[in-house]
Structure formats: structure tokens, C-alpha cells
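Colleague: I'd like to ask some things about the structure below.
Nothing in this text is a laboratory measurement; each read-out follows from the coordinates by a stated rule. Everything numeric in this text was worked out from a predicted model, so none of it was measured. Heads up, the Cβs are rebuilt from the backbone with ideal geometry, glycines too, and the neighbour counts pull from every protein chain shown.
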Amino acid sequence: MALVCPVSDLRNDNSVLEQVSAGSPVYLSVNGRVCYAIRDIADDEVFEKAKAMYPGNKSVQ
């Protein structure tokens, strides 16, 4: 299950970062809309490898 927290929770309670693990990103919302994702570095490496294999990788950000 995805964890969605207000971005202000990072300011007030760093335990949000403890919730991040491989395969379980934490999504941060601003004004009720999800805007950011915090993911485990292992997940990020997999994402970067997949992005590099995409033929139009210059437009993928």
C-alpha cells in the first residue's frame, strides 16, 4: 500500500524517511496533490537502468 504524506511531515517528523524501503516509496503531497516521491536507492538504480534502455531516453525525465 502506498504511503502518502504531506510534505510538511518531513519538517516536523523525520520518521517519514524510515517508511521508505525497496519497493515501497513514500509519496509527498502539497496542497492535497501528490507531487514528489521518495524511493529507495536500489529502486532508483533500476529506474535509471530502464530509462537508459528507452529509445527516446532524452525526452524521459
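Colleague: Picking from SER21, MET53, SER8, whose Cα lies most toward the positive end of the charge dipole for the chain (charges on Cβ: Lys, Arg +1; Asp, Glu -1)?
Modeller: MET53
Colleague: Something else: Please figure out what share of the DSSP beta bridges in the stretch 3-53 is antiparallel and state it in percent, rounded to the nearest 5. Working shown, then result.
Modeller: On the way: 6 of 10 bridges.
Rounded to the nearest five, the antiparallel share is 60 percent.
Colleague: Could you put SER21, SER29 in order, starting from the residue whose Cβ has the fewest other Cβ atoms within 10 Å?
Modeller: So the residues, fewest neighbours to most, are SER21, SER29.
Colleague: If the chain between GLN19 and GLU45 were fully stretched, how many nm would it gain, using 0.36 nm times the residue separation less the Cα-Cα distance?
Modeller: 7.5 nm
Colleague: Between 0 and 90 degrees, rounded to the nearest ten: what's the tilt of helix 41-53 against the longest Cα principal axis of the chain?
Modeller: 30 degrees
Colleague: So what is the relative contact order for the chain, in percent, with contacts set as C-alpha pairs under 8 Å and at least six apart?
Modeller: So the answer I get is 26 percent.
Colleague: Report Rg(Cα)/(2.2 N^0.38 Å) for the chain, keeping two decimals. Show your work: numbers first, answer last.
Modeller: Working: Rg = 13.6 Å, N = 61, 2.2 N^0.38 = 10.5 Å.
After normalising by residue count via 2.2 N^0.38 Å, the value is 1.30.
Colleague: Relative to the Cα centre, what is the charge dipole magnitude of the chain, using +1 at the beta carbon of each Lys and Arg, -1 at the beta carbon of each Asp and Glu, and rounding to the nearest 20 debye?
Modeller: 340 debye
Colleague: Add -39500 (n - 2.57) for each DSSP H run of 4 or more in the chain, then divide by its residues: what number comes out at 222 nm, to the nearest 500 deg cm²/dmol?
Modeller: Calculated mean residue ellipticity at 222 nm is -9500 deg cm²/dmol.
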